[in-house]
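Read the structure below first, then the notes.
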């Protein structure tokens, strides 16, 4: 992003991380631009905790991804965020259109 380090109070991601071909790099860039105490607000697809749905999401992802702009509905966004050093402060999981979603607020740890 063409902004200085630690210059943003909030970064909003809406169905971006599930489409990114380089999620870890995207999250590193978000961390770079967030000021200390800044927030990542997100709405994303999330791999289901229900194994049949998670399996089905994984099976349809190759076709779905081509048809839906690179979207990976079976990606574990919350695990990716955790690995990138973000901690969720609020989290709401729900099913919409047959796929699991997550909306919440996270901050760098």
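The slack between residue 5 and residue 105, meaning 0.36 nm per residue of separation minus the straight C-alpha distance, is 34.0 nm.
I want the antiparallel fraction of DSSP beta bridges within region 8-108, as a percent rounded to 5. In region 8-108, approximately 75 percent of DSSP beta bridges are antiparallel ones. Springs join every pair of Cα atoms under 10 Å in this Gaussian network model of the chain, and among 31, 93, 47 the largest mean-square fluctuation is at 93. Between residue 68 and residue 96, the distance separating the two model label sites (each 7 Å from Cα on the Cα→Cβ line) works out to 1.2 nm. A convex hull fitted to the Cα coordinates of region 8-108 yields 86 cubic angstrom per residue.
The numbers here are math on the coordinates, done by the rules we state, and not lab data. It should be emphasised that the depicted structure is a prediction, and the values quoted were computed from it without experimental measurement. Don't worry about glycine lacking a Cβ; one is built from the backbone with ideal geometry, like all the others, and counts go over all protein chains shown.
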